[in-house]
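Structure, as structure tokens:
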Amino acid sequence: HRDLHSFPTRRSSDLGTKTLVLRLQRQCANAETLAHFLASHPKVERVYYPGLASHPQHLLARRLLNGFGAMLSFEVQGGLSAGKKVLDAVQVCHFTVSLGEIDTLIIHPASTSHVGLTAAEREAIGIRDGLLRLSVGIEDIDDLLSDLQQALDSI
């Protein structure tokens, strides 16, 4: 009979490394599905995601990348107030100022990270008032789609 201290322990970083590929595959698949959903939504003006054929570097991304990543941005109609409404309405997506977790995270730069700039300064660097950024996680894609649909319905 062995006592518990004699068993090898496993660090959480070992588990994270072992599941990294699976998590990234799920995040990328979710992001691509969300990008196509958002690109076809009537309240979305523009989607920035290299997996979409409409992206200026789509062909380059297809040639160089193995998947298109889990980050995307989109602009909603209605500017600053609409962006804030979406941010306030999401329930599965979490508001944060840091991106890159396994949970889907959302940020509205015009009212958070870039709030200190004027609208003209933001516009000059490509941060339009209705822009939202998503760091897509591993949640069930239907939950993410429903969450964004109900949030977009709020504007």
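Taken together, the values in this text are just the output of simple stated rules run on the coordinates, not laboratory data. Please read these numbers as outputs of a predicted model, since none were measured by experiment. Note: ideal-geometry Cβ built from the backbone for every residue, glycine included; neighbour counts use all protein chains shown.
For an R0 of 25 angstrom, estimate the FRET efficiency from the Cβ-Cβ distance between residue 77 and residue 125 and round to the nearest 0.05. Can you show the working numbers first?
Numbers: r = 21 Å, r/R0 = 0.84.
Result of the calculation: an efficiency of 0.75.
Counted residue by residue at 0.36 nm each, then reduced by the alpha carbon distance between them, the extension gain from residue 22 to residue 101 reaches 27.1 nm. Pick the calculated log10 I(q)/I(0) by the Debye sum over Cα atoms at q = 0.10, 0.14, 0.17, 0.21 Å⁻¹ for this structure from (1) -0.37, -0.68, -0.95, -1.30; (2) -0.41, -0.71, -0.98, -1.37; (3) -0.31, -0.62, -0.95, -1.50? The listed entry that was calculated here is (2). Note on residue 58 and residue 46: the model spin-label points, each 7 Å out from Cα along the C-beta direction, lie 1.6 nm apart.
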